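Enquirer: Once you've had a glance at the structure underneath, I'll fire off some questions.
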C-alpha cells in the first residue's frame, strides 16, 4: 500500500517498521526526531486531515510569528467515515474549542490543563516537539498524550486555536467501554493531575486548581474502573472515596455499580 501511494505523489514518504515495536511513547518520539522541517503535524493513522488543514494552521504563524503550536476543531466521524455533527460540536465544546476561545490563548497554562490542546492534528514547532518529547511509558503509561500537552502549556508560550475544522477524529468499532476500561489512560491522567504542582501559577493558582479538580472529577469514574481492572483495589477505593467522586456520584446508579465491581474484585481475590 505504501509503495502504491508513493507512486501517486511527489511527497516523500518515509515508512519504517520498528522491530521490536517501540510502543506508542517512543514511537512518537522517533517521529519527532526524524522530522526535518521547521514545523510538524502529528496525525494518528486512523484520523484524517482536511485538505485545508496544513495551509490554515501554518497561516497562524503569519499572524503570530512567535507561536509554539496551532490547532483547529475536530470532526467526529464513524468507522466508515460518516461525520457526526452533533458529536463534533459536543467534543469541541467539552475541550474549549469554541468561538469564544478562538485566537491566541490568553493563558498558556490552560491549553493543556483544559485539554484544549488536542491529541493529534496539531501543528507545532519541530524544535519544541523534539525537546519536550513524550515521557517514557514507565512514567506515564497510556497518559502520554495528555502529559505532553500539559507540559507544553506549562513550559511554552503562544498557542493559537483556529476556529475552523482541520481534521476528522475517527471513532472506530473497537472504541467501546470494555476497551476504554482495559487501558490505563484515564487512571494515568488522573494520577498526573493529582501529583501536579501548580504553585508556579501564582495569582492564577485558584483558577488552575478549579480546572484541575473539574478534570479529575470527569476522569474519576473511568480511572476507578481501570484501577479495578489492573488489580489496584486500594487505588480504586481511594478514588471512590475522594472528593473528586463525591457523595452524589457515589449514590448514583453508576456509583453503586462501580462499588459493586470493586467489592466483586475483592471477593475474587
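The values are calculated or read from the model by the stated rules, or taken from the named source; none is laboratory data. Everything numeric in this text was worked out from a predicted model, so none of it was measured. Note that we place each Cβ from the backbone using ideal geometry, even for glycine, and neighbour counts take in every protein chain shown.
Enquirer: I need the full set of residues from the range 51-62 which are in contact (Cβ under 8 Å) with a residue 40 or more places away in the chain and surrounded by fewer than 16 Cβ atoms within 10 Å (Cβ to Cβ), in order please.
Expert: Quick first cut of the range 51-62, residues in contact (Cβ under 8 Å) with a residue 40 or more places away in the chain only: 52-54, 56-58, 60.
Matches in the range 51-62: 52, 54, 58.
Enquirer: Something else now. Residues 39, 44: which one is surrounded by fewer than 17 Cβ atoms within 10 Å (Cβ to Cβ) and either without any contact (Cβ under 8 Å) to a residue 60 or more places away in the chain or in the same structural domain as residue 157 (by TED's automatic domain parsing) (or both)? Steps first, answer last, please.
Expert: Values: 39 fails: surrounded by fewer than 17 Cβ atoms within 10 Å (Cβ to Cβ).
Result of the check over 39, 44: 44.
Enquirer: Among the residues of the range 23-30, are any modelled with pLDDT of 95 or more and under 22 Å from residue 114 (Cβ atoms)?
Expert: Within the range 23-30, one or more residues are modelled with pLDDT of 95 or more and under 22 Å from residue 114 (Cβ atoms).
Enquirer: Which of the following residues is under 25 Å from residue 194 (Cα atoms), free of Cβ contacts under 8 Å to residues at least 40 places away in the same chain and touching a strand residue (DSSP E or B) at 6+ places or on another chain (Cβ under 9 Å): 92, 119?
Expert: Details: 119 fails: free of Cβ contacts under 8 Å to residues at least 40 places away in the same chain.
Testing whether each residue is under 25 Å from residue 194 (Cα atoms), free of Cβ contacts under 8 Å to residues at least 40 places away in the same chain and touching a strand residue (DSSP E or B) at 6+ places or on another chain (Cβ under 9 Å) leaves just 92.
Enquirer: Now for a separate question. Look at residue 229 and say whether it is surrounded by 13 or more Cβ atoms within 10 Å (Cβ to Cβ) and modelled with pLDDT under 95.
Expert: Working: surrounded by 13 or more Cβ atoms within 10 Å (Cβ to Cβ): yes; modelled with pLDDT under 95: yes.
Yes.
Enquirer: So which residues in the range 113-145 are part of a loop (DSSP other than H, G, I, E, B) and more than 9 Å from the chain's Cα centre (by Cα), if there are any at all? Reasoning before the result, please.
Expert: Let us first name the residues in the range 113-145 that are part of a loop (DSSP other than H, G, I, E, B), namely 114-122, 133-136.
If the condition is that a residue be part of a loop (DSSP other than H, G, I, E, B) and more than 9 Å from the chain's Cα centre (by Cα), then 114, 121, 122, 133, 134, 135, 136 are the ones that fit.
Enquirer: Only one of 150, 187, 193, 162 is part of a helix (DSSP H, G or I), assigned by TED's automatic domain parsing to the domain that holds residue 66 and at pLDDT 95 or above; which? Don't jump to the end; show me each part of the working.
Expert: Details: 187 fails: assigned by TED's automatic domain parsing to the domain that holds residue 66; 193 fails: assigned by TED's automatic domain parsing to the domain that holds residue 66; 162 fails: part of a helix (DSSP H, G or I).
Going through 150, 187, 193, 162 in turn, the sole match is 150.
Enquirer: Could you check the range 150-166 and list, in sequence order, the residues that are closer than 16 Å to residue 96 by Cα and in contact (Cβ under 8 Å) with a residue 60 or more places away in the chain?
Expert: Residues of the range 150-166 closer than 16 Å to residue 96 by Cα: 150, 153, 159-166.
Correct list: 159, 160, 161, 162, 163, 164, 165, 166.
Enquirer: Can you name every one of the helices (runs of 4 or more DSSP H) wholly within the range 7-105 that holds 3 or more residues which are farther than 24 Å from residue 144 by Cα?
Expert: Numbers: elements: 23-34, 53-63, 85-94.
Of the helices (runs of 4 or more DSSP H) lying wholly inside the range 7-105, those with at least 3 residues that are farther than 24 Å from residue 144 by Cα span 53-63, 85-94.
Enquirer: Checking the condition surrounded by 11 or more Cβ atoms within 10 Å (Cβ to Cβ), assigned to a helix (DSSP H, G or I) and free of Cβ contacts under 8 Å to residues at least 24 places away in the same chain, which residue from 238, 249, 258, 234 passes? Break it down stepwise before answering.
Expert: Working: 249 fails: free of Cβ contacts under 8 Å to residues at least 24 places away in the same chain; 258 fails: free of Cβ contacts under 8 Å to residues at least 24 places away in the same chain; 234 fails: surrounded by 11 or more Cβ atoms within 10 Å (Cβ to Cβ).
Within the list 238, 249, 258, 234, the selection yields 238.
Enquirer: Residue 83 is checked against (1) touching a strand residue (DSSP E or B) at 6+ places or on another chain (Cβ under 7 Å); (2) under 20 Å from residue 189 (Cβ atoms); (3) exposed (fewer than 15 other Cβ atoms within 10 Å of the Cβ) and fails just one. What number does that condition carry?
Expert: Here residue 83 clears every test but (2).
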